[in-house]
Structures are given as C-alpha cells and as structure tokens.
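Reviewing the structure listed below.
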Amino acid sequence: MNLTIDQDRLLSEVEALAQISDAEPPAVTRVVFTPTDLKARTWLRKKCLEQDLAVRQDAIGNMFARWTGTDETAAPVATGSHIDAIPNAGKIRWSRRCTRRLGGHSRITAQWVSANALY
C-alpha cells in the first residue's frame, strides 16, 4: 500500500490549530488546561469525530482517538503526540505530528475501504 497525505489539508489543519493560541502569530502559546488549550482540545476532538474515530479522555486529560477496524484479531497500531505548546513556541513541531496522524488515518481509511470494496 502506498500512502500519500493531502498536503493542502494537512497545512490547513496545522494553520487552524495554530490560530488557537494566546500568542500573536507566528508564535503559539497554549499552556495545558488553560481556556485556550481546552478550545484546542475541542477542535481536535471534533476533527477526530469527523473521521469516525472513537474519542475518550482519561482522568488526567490525555485524549485518545481510536479507529476500530473490522478485524478484531489484528494487532493495534498506536501513535501519540500533544497539542499544548510552551509560551511562544512554533506552530509546526507539535501540530504537525498531531494533524499528520489525522491525515494518515484519513488516507489509510480511504485506501482500506477502496481496496476492501473489491471483495
């Protein structure tokens, strides 16, 4: 399977997430559990739900998004990142990891559905 990522979508999501900040662009400040961080978490949750991911949050605020495949015997694949940002951080490092995972999921899902629709 050859995976490609929609670069325009990825950059759009990085920009959208970077706009949720307490700092003026191009810096990003989103300290964990502040109102700004909670707004970003809401944005991320919405993006995950749009892609039919099951989303949960644990008691200390870690958010988990899960795509349940059709083969329950298949081994899970896990990845992780964070969307909080230290004061005056850049917009790329943390948000790229997070949105790249969403983009990768979207592409994998599309290719899986396409490939399996033949059977």
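Laboratory data are not the source of any read-out in this text; all were calculated from the coordinates shown. For clarity, every value in this text was computed on a predicted model and none was experimentally measured. FYI the Cβ positions are ideal-geometry reconstructions off the backbone, even for glycines, and counts take in every protein chain you see.
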Rounded to the nearest 0.05, what FRET efficiency do Thr42 and Ala74 have when you use their Cβ-Cβ distance and R0 = 35 Å?
-> 0.70
Gain upon complete extension [Asn62, Ser81; 0.36 nm per residue less C-alpha separation] | 5.8 nm
Starting with the fewest neighbours, write out Phe64, Phe33 ranked by other beta-carbon atoms found within 10 Å of each beta-carbon.
-> Phe33, Phe64
